[in-house]
Amino acid sequence: MYTEEQLRKYRYFSEQLETKELEQLIDPLTGVISRKFILDFARSLIADNIPFTFGMIDLDNFKFINDTYGHRAGDGILSGVSTTFSDYMTDFGVIGRYGGDELIF
């Protein structure tokens, strides 16, 4: 899960954290930034004319995992992938959950 310190290095999140608790910005299952705030962050970069790279990851065949091993196993995999990816992205940017098994960075 992201910490305030990690997010405050970005002006958008620093401003959000003046009026919101960290937990309000974070997707509770994955510990990454929730859809609303990751998309608003991208919009803020565009509005501020700050160059950035945007990408999306969709975990293929994720329905098979949920159907075969159950949602608890699927949640664990999604949480693990999100944690690993956010750890990797620490020096480069942030990652958020777009929906279901889709992550954006």
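The values are calculated or read from the model by the stated rules, or taken from the named source; none is laboratory data. Just so it is clear, the model here is predicted, and its values are computed rather than measured. A quick note on method: Cβ atoms are made from the backbone with ideal geometry, for glycine too, and the neighbour counts reach across all protein chains shown. Ligands, DNA and RNA are stripped out before the accessible areas are found, and what is left, the full protein with its side chains, is counted by its heavy atoms. Shrake-Rupley method; radii C 1.70, N 1.55, O 1.52, S 1.80 Å.
Give me the 1.4 Å probe accessible area per residue for the chain, excluding ligands and nucleic acids, in Å². Before the final figure, lay out each step's value.
On the way: 6470 Å² over 105 residues.
Roughly 62 Å² per residue, with all protein chains present.
Excluding residues on the same chain fewer than 8 positions from K20, give the lysines whose Cα lies under 25 Å from its Cα.
K9, K36
Farthest toward the dipole's positive end in the chain, which of G70, G80, G96, given Cβ charges of +1 (Lys, Arg) and -1 (Asp, Glu) about the Cα centre?
G96
Between the alpha-carbon centers of segment 26-51 and segment 65-86, tell me the distance in whole angstrom.
Answer, in whole Å: 22.
What is the dipole size for the chain, taken about its Cα centre, with +1 at each Lys and Arg Cβ and -1 at each Asp and Glu Cβ, in debye to the nearest 20? The partial results should precede the final answer.
Values: 10 positive and 17 negative charges, 31 e Å.
That gives a dipole near 140 debye.
Could you calculate the FRET efficiency of D87 with E21 from 1/(1 + (r/R0)^6), where r is the beta carbon distance between them and R0 is 25 Å, rounded to 0.05?
0.65
Where does the Debye-calculated log10 I(q)/I(0) of the chain sit at q = 0.10, 0.18, 0.22, 0.23 Å⁻¹, using only Cα point scatterers of equal weight, no solvent?
Log-scaled intensity ratios, in q order: -0.28, -0.84, -1.18, -1.27.
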